[in-house]
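One structure below.
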Amino acid sequence: MTNMEQIMKGPDKIIVIGSSTGGTHVLFNLFTDFPRINAAILIVQHMPQQMNNRLAARIQCGTKMEVSVATEGSPVIIGKIFIAPSGRHMKVFHDKEIKLFCGEKVNYVCPSIDVLMMSFSKKYQGKIMGIVLSGMGKDGTEGIRHIKEIGGQTIVQNPLYSTVRSMPESAILSGYVDKILSFAEIKESMVEFAGS
């Protein structure tokens with residue numbers, strides 16, 4: 001399949017990761033010695049704007065996938081990692097193109113994990129994985145519910161190993177979480193999911 005055909009089709013599998021306080025450390029560990037996998041990865045990390053490019057560069061150092069801060073209209077294709085820019089919500093439009101927009105904060109944050117996760121349709125039944133890492137508040141809980149309801153896999157970081165427990169604990173309490181894992185186990189699950 002050519003690159004243009006892949007852009008038109010969209011990725012076969014998508015992994016959506018949401019994190020907040022304590023999440024950057026987990027992301028660095030997740031993407032250390034991380035292979036290129038047959039999936040697109042979208043990340044929402046609550047952080048100041050000046051951290052956007054530094055986070056992308058740090059993750060790029062550990063993986064063979066291409067990492068960038070998302071821009072409007074970017075095609076979501078296999079082998080790429082996109083990080084939501086601070087101050088703008090990120091959605092995936094028509095299951096294959098990034099849409100960024102300014103809007104009211106959701107769960108007191110912008111970008112919101114929930115906004116991104118809830119933008120996917122049932123087209124991704126069996127082809128999407130939602131992950132919530134360390135963080136404060138409940139952002140990601142409704143997104144995890146949505147991903148589970150459209151037939152995706154849902155994972156949270158074990159709160160016992162999270163810098164701040166409230167985001168993963170809130171997701172767990174929703175009853176829509178498939179697995180509660182350490183970051184090493186999350187990495188293994190991501191690679192396995194993309195290869196299945």
| Count of residues meeting criterion [within 13 Å of the chain's Cα centre (by Cα), farther than 15 Å from CYS110 by Cβ and either part of a loop (DSSP other than H, G, I, E, B) or not aliphatic (A, V, I, L, M) (or both)] in region 36-69 | 1
| query | For LEU160, all conditions in the list (1) assigned to a loop (DSSP other than H, G, I, E, B); (2) without any contact (Cβ under 8 Å) to a residue 24 or more places away in the chain hold save one; what is the number of the exception? | reply | (1)
| query | Listed residues MET136, MET129; which is part of a loop (DSSP other than H, G, I, E, B), hydrophobic (A, V, I, L, M, F, W, C) and in contact with a Gly (Cβ under 9 Å, 6 or more places away or on another chain)? | reply | MET136
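Yes/no per residue for (1) surrounded by fewer than 19 Cβ atoms within 10 Å (Cβ to Cβ); (2) β-branched (Val, Ile, Thr):
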site	(1), (2)
GLY23	no, no
ILE43	no, yes
ASN53	yes, no
CYS61	yes, no
ALA70	no, no
PRO75	yes, no
GLY79	yes, no
PHE82	no, no
| Where LEU100 falls short, out of the listed (1) farther than 21 Å from SER170 by Cβ; (2) part of a loop (DSSP other than H, G, I, E, B); (3) touching a His at 6+ places or on another chain (Cβ under 9 Å) | (2)
| note | Considering region 163-196, residues that are touching a Phe, Trp or Tyr at 6+ places or on another chain (Cβ under 9 Å) and in a helix (DSSP H, G or I), and then whichever is nearest to ARG36 (Cα to Cα), we arrive at VAL191
| field | Scope region 170-196; condition more than 15 Å from the chain's Cα centre (by Cα), crowded, with 18+ Cβ neighbours inside 10 Å and under 16 Å from THR63 (Cβ atoms); matching residues | value | none
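Based on this model, can you work out whether GLN125 counts as free of Cβ contacts under 8 Å to residues at least 60 places away in the same chain and either over 20 Å from MET190 (Cβ atoms) or loosely packed, with under 15 Cβ neighbours inside 10 Å (or both)? It would help to see each step written out before you state the result.
Values: free of Cβ contacts under 8 Å to residues at least 60 places away in the same chain: yes; either over 20 Å from MET190 (Cβ atoms) or loosely packed, with under 15 Cβ neighbours inside 10 Å (or both): yes.
Yes.
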| Every residue from region 131-155 that is buried (at least 24 other Cβ atoms within 10 Å of the Cβ), under 25 Å from HIS25 (Cβ atoms) and of a type in the set (Gly, Ala, Ser) | SER134, GLY135, GLY140, GLY143
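Coordinate-derived values only; no laboratory data. Source: prediction; values computed, not measured. Please note: Cβ atoms are built from the backbone with ideal geometry, for glycine as well, and neighbour counts cover all protein chains shown.
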